[in-house]
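To start, the structure under review is shown below, and the notes come after it.
Nothing in this text is a laboratory measurement; each read-out follows from the coordinates by a stated rule. Owing to the predicted nature of the structure, the values given are computational and were not obtained by experimental measurement. Don't worry about glycine lacking a Cβ; one is built from the backbone with ideal geometry, like all the others, and counts go over all protein chains shown.
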Amino acid sequence: MTAPPGAAVRTAGLQKTYPASGPRPAVPAVQGIDLDVPRGEFFGLLGPNGAGKSTTIGMLTTLVVPTGGTAHVCGLDVVRDAVEIKRRIGVVSQNNTLDSDLTVAENLEFRGRFFGLGAREARKRADELLELFGLGDTRGGNPFEISGGQAKRVMICRALVHGPEVLFLDEPTAGLDPQTRTNLWEVLRELQASGQTILLTTHYMEEAEALCDRVAVVDHGKILASGTVDQLKGTAGADTVITVAYDAPPPDRIHALADRTGISKVEINGGQVRVFATEPDGLLGELVALGAAEGVGVTDASQLRPSLETVFLTLTGRDYRE
Ligand SMILES: Nc1ncnc2c1ncn2[C@@H]1O[C@H](COP(=O)(O)OP(=O)(O)OP(=O)(O)O)[C@@H](O)[C@H]1O
Ligand SMILES: [Mg+2]
């Protein structure tokens, strides 16, 4: 069975269980993931450490063999048609995998040759890409003597040398400073604007929000929710989340808040109160005042506006920690 021509990536019930090894039990890293990414889309897999993002991207890029379900990339089966898929995709892994024996430009040229470009064409393509990505000055340099952000851009160029239909990026901005990260976002936006289909993984919520047309939130190998960022915020976590830590048992009148219009949920956990609200105006002050009226002080307070962070909080009951 092949995916329809329009789909860049399609999976059904995709699974990967790493086998047990010595004392370590088997790891069900991906437990039945369904994805449908049309061509031209910028799609994000968002999740915390160990969620199964790299394993999923590993299966889509034919490096990891699934143990269940199916996955198609450009209409081709990741197991049966692995060789052809490799020709049609570009992959940027998390670590610097550039060849240190080659210059920056040679890294691109060799990749181009590998994919069947002639020497002159490969050089031309390498030069064009390096210029396009603002890397012209680095072309003769060693790929391990440039900045992390530059190295990442070189890796993206290398992945684009043969004009792949789908570009896969595993945590492209992990470990980069904020300025470099936003610069790279700009590069990726331009790529998509030029028609490139992109699938990235990230554990940065703001990255998924800034870039992706659609996002799947993954945790423990499963998709918790997927859709546009606005849809996600609308279905789960449309609320502002206000968290207040009291220095004593929270005031009794807190319980009554749960019945008020504009408040969806009140969670009380020891001295910590968490209020999920669609109408949060004035609520934080009220929570402080309610405590003060009963002689209970506040040691910590925060207010999170609706974001993918509140979505994660609503879906899992856990804080999303980077
Ligand atoms: N080769 C492997 N053998 C055994 N277990 C593995 C292997 N690779 C990953 N795992 C385990 O599978 C689970 C998912 O790992 P994976 O690397 O896919 O997650 P991730 O979402 O990419 O995490 P991170 O944000 O840390 O990169 C984890 O529990 C991990 O320890
Ligand atoms: Mg990973």
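Here's the list of lysines a cross-link from K265 could span, going by alpha-carbon distance under 21 Å and ignoring same-chain residues fewer than 8 apart: K233. Each peptide in 270-279, 177-186 receives the mean, over its residues, of other Cβ atoms within 10 Å, and ordering these scores from highest gives 270-279, 177-186. Under 5 Å from the amide H of Q272 lie the amide H atoms of Y246, each residue being 5 or more positions distant or on a separate chain, with H modelled from the backbone and absent for Pro and chain starts. Given a Förster distance of 25 Å, report the FRET efficiency between E294 and T316 from their Cβ-Cβ distance, rounded to the nearest 0.05. Once the sixth-power term is evaluated, E becomes 0.20.
A helix-only calculation puts the chain at -9500 deg cm²/dmol for mean residue ellipticity at 222 nm, using -39500 (n - 2.57) for each DSSP H run of at least four residues, averaged over all residues.
Take each peptide in 38-47, 259-268, count the other Cβ atoms within 10 Å of every residue, and average; sorted highest first, the result is 38-47, 259-268. Electrostatic tally near E121: other residues with Cβ closer than 13 Å to its Cβ, Lys and Arg +1, Asp and Glu -1, net +3. Taking amide H as placed 1.01 Å from N in the peptide plane, the amide H of G141 sits under 5 Å from that of V104, A105, each at least 5 places away or on another chain.
Judged by the ratio a/c of the largest to the smallest principal axis of the C-alpha gyration tensor, the chain counts as prolate, that ratio being 1.5 or greater while a/b is larger than b/c.
As a proxy for reagent exposure, T56, T314 were ordered by neighbouring Cβ count within 10 angstrom, fewest first; the result is T314, T56.
Take the Cβ atoms of A193 and E121, set R0 to 30 Å, and the FRET efficiency comes out at 0.75.
Averaging sequence separations of C-alpha pairs under 8 Å and six or more residues apart, then dividing by the length of the chain, give the relative contact order as a whole percent.
Working: 641 pairs, mean separation 59.7, N = 322.
Relative contact order of the chain: 19 percent.
Highest mean packing first, where packing is the average number of other Cβ atoms within 10 Å per residue, the peptides 79-90, 214-225 line up as 214-225, 79-90.
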